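Everything below concerns the one structure shown next.
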Amino acid sequence: MKRKVLYALTAIVLLIIWVHSMLPPDLSGEESGWVADSFINPIWNAIFHTDLNMTVVRKLAHITEFAVLAVLLTCDFRGSAVKTFGTGFAAAFLDETIQIFSGRGPMISDVWIDLLGAAIGFVLCRCIAGKRFQKEMTRLDAERTT
């Protein structure tokens with residue numbers, strides 16, 4: 001049962017990532033502006049007394065999306081870094097490929113930023129979960145063999 005929930009959550013995150021890549025440049029910019037104005041800039045401004053520019057906001061979105069994806073993939077692949085990063089790379093590559101057809105320019109630097117997010121998610125998952133993560137992965141392995 002938990003495996004099905006994990007698969008569903010992973011599929012939802014991938015859909016969110018790829019649907020956002022399908023947005024035309026003007027709608028994508030409006031969405032980024034709304035997120036920045038509603039959430040990010042009020043917090044950032046309170047701390048640093050300045051706003052973040054849209055480029056930084058958009059790159060933070062890439063990092064966040066792929067960090068969440070990596071947490072799910074790390075659980076799904078029982079902590080395998082190779083499988084997590086391989087799947088993360090494939091998702092990032094497809095993400096940038098989709099942008100060709102939405103009128104936005106694909107950027108190889110965004111693939112690297114996505115992989116940075118995947119690395120953050122992977123490390124957080126492994127560090128925070130620690131032994132609990134290992135026990136859960138062992139239990140899932142036992143479920144797979146039965």
Furthest towards positive pole of dipole, Ala119, Pro106, Met22, structure part the chain, Cβ charges: Ala119
Dipole magnitude (debye, nearest 20) for the chain, charges at Cβ of Lys, Arg, Asp, Glu: 1000
Length added when fully stretched, Ala11-Ala46, from 0.36 nm per residue minus Cα-Cα: 9.0 nm
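Roughly speaking, what % of Cα-Cα pairs in the chain are separated by over 18 Å, rounded to a whole number?
Looking at the chain, the distances longer than 18 Å represent 61 percent of pairs.
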About the Cα centre, charge dipole magnitude for the range 50-120 (Lys/Arg +1, Asp/Glu -1 at Cβ), debye: 120
Helical segments meeting 24 Å axial Cα length and Kyte-Doolittle 0.0 threshold in the chain (DSSP H): 2-22, 54-76, 81-101, 108-145
Segment Cys127-Glu31, extension gain: residue separation times 0.36 nm, minus the distance between their alpha carbons: 31.3 nm
Ellipticity estimate at 222 nm from DSSP helix runs (n ≥ 4, -39,500 (n - 2.57)) divided over the chain, nearest 500: -29000 deg cm²/dmol
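Read-outs: derived from the displayed coordinates by stated rules, not from any lab. Predicted model only: the values in this text are computed from it and were never measured. Backbone-built Cβ (ideal geometry, glycine too); neighbour counts: all protein chains shown.
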